[in-house]
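In what follows, a single structure is set out as C-alpha cells and then discussed.
The values are calculated or read from the model by the stated rules, or taken from the named source; none is laboratory data. Because the structure is a prediction, the values reported are computed rather than measured. No Cβ is skipped: glycine too gets one built from the backbone with ideal geometry, and neighbour counts run over all protein chains shown.
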Amino acid sequence: MRMKFPNDFLIGAATAAYQVEGAVKEDGKGVSNWDVFSRIEGKTLNNTNGDIAVDFYHHYREDIALMAEMGLESYRFSIAWTRIYPDGTGRVNQKGIEFYNAVIDECLNYGIVPFVTLYHWDLPQALEENGGWTNRNTAEAFVKFAETCFDCFGDRVKHWITFNESVYFLRFGYITGAHPPGHRNDQEGFFKAIHNMHYAHAAAVIAYKKRRQYGEIGFSHGFAPNFPLNDCESNQGAALHANMFETYIYLDPVMKGSYPEYVLDSLRDRSLLPEIKEEDLKLFSEASRLVDFIGLNYYHPNAVRNAKGSEIQIDYSREASAGKTRQFYFDGMYEIVKPEGREYTKWGWEVSPESLLEGIRILQDRYGDQIKLYITENGLGDVDDVQGERIQDTPRIDFIRRHLIAVKQGIREGMNIKGYFAWSFIDLLSWLNGFEKQYGFVYVDHNDNLKRSKKQSYYWYQHVIATRGEQLEEE
Ligand code: BG6
C-alpha cells in the first residue's frame, strides 16, 4: 500500500557549526576546545581542523538557496557558543547574534524550518580550561547561553535541541581521549560530566518553557542500540548492561527525571557515583515533565557479548579504525563484535534499518508508546566516486531510502515520529575523519574554491520531498 509521510512530518537535513562554518577567528568569535584540540599533532586525520571547514560562514546564502531548490523542509544546524559568548560567559558578541539572525531569516524567507541545536560539541576553550563539563560552572554558563539564544532567536526558532549526542562527546572526552579534553579512562570525570550535562539540559528546558515561546525543546541522543549477539543469557545481560550505560543513563534523567537504579548501584559499587543533590533531581523531574521530544541520531546498531571476567581493556584507537578493531568499553563488562555475514559500511558500521525500529520499540517499552521522536541524524559516511560530470552516490541513496522506508513502517505501526534529518546536507568536516568520509547531498571541491556541486542523491532527495516519500518502496 502506498503511503506518504504525514503532513506534519518534517523532511530535513542537518549540519553542525564546527563542521561547516570555518571563519574561526572572524567577527569576534572566541576560541573553542576543538580549535585547540585539532591543533594537537595526530588528533585528527591528516591534522585537519575547522578553520575553514566548508566556509558556510561566507557561503550560507548559497547553501540555503541550494536547500530551497531541493525543497528541504527543515534545516537542523547548531550555534557556535563562542560566536555568542567568546569566553563562554560574560560579554555577548553582537556580530555572532547577527550571523545567526541572518541564517535563520534566510531559512524562513524560503519557508525552511530552522531546527537549532545549542550544543554540538564546540565548548568555549575558556570553560574547558576551568574543568569543562566536570565543573558545574560550565552547566550554569550553558544555561545563560541557551537563554540568550531563546531571547534573541526564539521569536522565529520553534524547535530546539539542548545537547547533541552526550554519549559520544563525553565518552570520547573522558574515556577514550579521542575528543577534547582528551582524558583517558577518567571515569570520575566522566560521570561528573554526565551529571552536569543533565543539570544543564534540565535547567535550559525549564528556562525555555518559562518564556512561553510556544515552541518545542528536546535532547538528541546518539542511538546505537545494543543487541545480544545471540540468545545466550549472559549475552542478553551484557546487552542490557550496555544499554544502561549507553542509552538509559542519558535518556532516563531526561524522560523520567531520575537515573536507572541499576546504574546507581553499579556506580556505587565502583565508588564512582558523583554527588547527586536532591535539588538536582527535583529539577530533572520538573524538566522531564516539560521536555517535548527525543531526537535519535541513528547510524547503526551494535552486536554485543559478555566480556565479564576479561581484564578491563580500553581501545584507544580512533573511531576511524573502528571497523577493524574490537572495542572493549570502559567497564570491561561487554564487548562489541562484528558478526560475519552482516552488512557493514566502509567504516565497519552495521547497516540495519530494521534495528532502528527494534530500538524504538525498546524505548517505547521504557518511556511509553507515544514518546515524540525525530530522527535527528541518519546517513551514510562513504568515499564517493567524484569522477565525471555527476557524482553517483548510489550507496547513499540506497541507505537513506531503506531507512526512510523503515521510518514509514514505524509510523504505520503507530510510532510518533515527526521528522527525519539526513546527515548531512553538505559534505563537511568529520571530527576525526577529515574530509575523507562524506555524508552530503552536496559535494565541496577543496581544490576549486570550495565549489559546491549537487550529487545524484541531491536530486533523489528532492524527488522524495516533492512526492512526500510516496514512491520510496518502488525506487
Ligand atoms: C554524529 C555527530 O555522531 O555522527 C556528527 O553528531 C558526526 O557531528 C556524525 O559528523 C558522523 O560521524 P563521523 O565520525 O562518521 O564523521
Restricting the stretch 343-362 to residues that are touching a helix residue (DSSP H, G or I) at 6+ places or on another chain (Cβ under 7 Å), closer than 29 Å to Tyr259 by Cα and touching a residue at least 60 places away in the same chain (Cβ under 8 Å), the one farthest from the ligand (Cβ to nearest atom) turns out to be Ile360
Gly309: passes all of (1) modelled with pLDDT under 90; (2) more than 16 Å from the ligand (Cβ to nearest atom); (3) under 30 Å from Asn447 (Cα atoms) but (3)
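Would you tally the residues in the stretch 449-462 being outside any strand (DSSP E or B) and either of a type in the set (Phe, Trp, Tyr) or surrounded by 14 or more Cβ atoms within 10 Å (Cβ to Cβ) (or both)?
Restricting attention to the stretch 449-462, the residues satisfying the condition of being outside any strand (DSSP E or B) are 449-450, 456-462.
Adding the requirement that they be either of a type in the set (Phe, Trp, Tyr) or surrounded by 14 or more Cβ atoms within 10 Å (Cβ to Cβ) (or both) leaves 450, 456-462.
Number of matching residues: 8.
I'd like to know if the stretch 168-180 contains one or more residues that are of a type in the set (Lys, Arg) and buried (at least 20 other Cβ atoms within 10 Å of the Cβ). Give the steps one after another, and end with the answer.
Pass one, the stretch 168-180, residues of a type in the set (Lys, Arg): 171.
Imposing the further condition that a residue be buried (at least 20 other Cβ atoms within 10 Å of the Cβ) reduces the set to 171.
Yes, the stretch 168-180 contains at least one residue that is of a type in the set (Lys, Arg) and buried (at least 20 other Cβ atoms within 10 Å of the Cβ).
Conditions tested, residue by residue: (1) buried (at least 22 other Cβ atoms within 10 Å of the Cβ); (2) within 21 Å of the chain's Cα centre (by Cα); (3) more than 16 Å from the ligand (Cβ to nearest atom); (4) part of a helix (DSSP H, G or I).
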{"residue": "Asp8", "(1), (2), (3), (4)": "no, no, yes, no"}
{"residue": "Gly12", "(1), (2), (3), (4)": "yes, yes, no, no"}
{"residue": "Ala23", "(1), (2), (3), (4)": "no, no, yes, no"}
{"residue": "Gly28", "(1), (2), (3), (4)": "no, no, yes, no"}
{"residue": "Gly50", "(1), (2), (3), (4)": "yes, yes, no, no"}
{"residue": "Val54", "(1), (2), (3), (4)": "yes, yes, no, no"}
{"residue": "Arg91", "(1), (2), (3), (4)": "no, no, yes, no"}
{"residue": "Gly96", "(1), (2), (3), (4)": "yes, no, yes, yes"}
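Can you find a residue in the stretch 195-203 that is over 30 Å from Asp155 (Cα atoms) and of a type outside the set (D, E, K, R)? Spell out how you get there, then give the answer.
Kept after step one, since they are over 30 Å from Asp155 (Cα atoms), are these residues of the stretch 195-203: 195.
Now narrow it down to the ones that are of a type outside the set (D, E, K, R): 195.
Checked the stretch 195-203: at least one residue is over 30 Å from Asp155 (Cα atoms) and of a type outside the set (D, E, K, R).
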### Message
Tell me whether the stretch 374-387 contains one or more residues that are free of Cβ contacts under 8 Å to residues at least 24 places away in the same chain, under 27 Å from Asp448 (Cβ atoms) and not hydrophobic (A, V, I, L, M, F, W, C).
### Response
yes
Residue pairs within 7 Å by beta carbon, gap of at least six or interchain, first lying in the stretch 423-434 and of a type in the set (Asp, Glu), second within 7 Å of the ligand (Cβ to nearest atom), listed first then second, are Asp427/Tyr439
For the stretch 379-407, the count of residues that are in contact with a strand residue (DSSP E or B) (Cβ under 7 Å, 6 or more places away or on another chain), under 19 Å from Glu475 (Cα atoms) and not acidic (Asp, Glu) equals 7
Over the stretch 412-448, the set of residues small (Gly, Ala, Ser), closer than 14 Å to Ile391 by Cβ and outside any loop (DSSP other than H, G, I, E, B) is none
Within the stretch 363-387, of all residues that are within 21 Å of Phe5 (Cβ to Cβ) and not in a loop (DSSP other than H, G, I, E, B), the one nearest to the ligand (Cβ to nearest atom) is Glu377
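Got at least one residue in the stretch 391-403 being polar (S, T, N, Q) and under 25 Å from the mean Cα position of the chain (by Cα)? Talk me through it step by step, then tell me what you get.
Of the residues in the stretch 391-403, the ones polar (S, T, N, Q) are 392, 394.
Retained after the next criterion (residues that are under 25 Å from the mean Cα position of the chain (by Cα)): 394.
Yes, because at least one residue in the stretch 391-403 is polar (S, T, N, Q) and under 25 Å from the mean Cα position of the chain (by Cα).
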In the stretch 400-452, anything farther than 18 Å from Thr15 by Cβ and within 15 Å of the ligand (Cβ to nearest atom) is listed as His403
Can Asp398 be described as under 24 Å from Phe56 (Cα atoms) and not β-branched (Val, Ile, Thr)?
-> no
When Ile397 is run through (1) out of contact with any Phe, Trp or Tyr (no Cβ under 7 Å at 6 or more places or on another chain); (2) closer than 27 Å to Tyr18 by Cα, the failure sits at (1)
Per the list (1) within 17 Å of Phe153 (Cβ to Cβ); (2) part of a helix (DSSP H, G or I), residue check on Trp34 breaks on (1)
Every listed condition ((1) under 28 Å from Leu373 (Cβ atoms); (2) modelled with pLDDT of 95 or more; (3) not in a helix (DSSP H, G or I)) holds for Arg2 save (2)
Note: among Glu41, Glu73, Glu62, just one is within 26 Å of Gln438 (Cα to Cα), touching a residue at least 40 places away in the same chain (Cβ under 8 Å) and surrounded by fewer than 16 Cβ atoms within 10 Å (Cβ to Cβ), namely Glu62
Considering residues that are among the β-branched types (Val, Ile, Thr), within 16 Å of the ligand (Cβ to nearest atom) and farther than 23 Å from Phe172 by Cα, the number found within the stretch 98-134 is 1
Within the stretch 247-306, the count of residues that are within 16 Å of the ligand (Cβ to nearest atom), in contact with a strand residue (DSSP E or B) (Cβ under 7 Å, 6 or more places away or on another chain) and of a type in the set (Phe, Trp, Tyr) comes to 2
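I need the full set of residues from the stretch 37-48 which are outside any loop (DSSP other than H, G, I, E, B) and at negative phi, in order please. Show your work before the answer.
Kept after step one, since they are outside any loop (DSSP other than H, G, I, E, B), are these residues of the stretch 37-48: 37, 45-47.
Across the stretch 37-48, the qualifying residues are Phe37, Leu45.
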Flagged in the stretch 69-89 as part of a helix (DSSP H, G or I) and either hydroxyl-bearing (Ser, Thr, Tyr) or within 19 Å of the chain's Cα centre (by Cα) (or both), in numbering order, are Trp81, Thr82
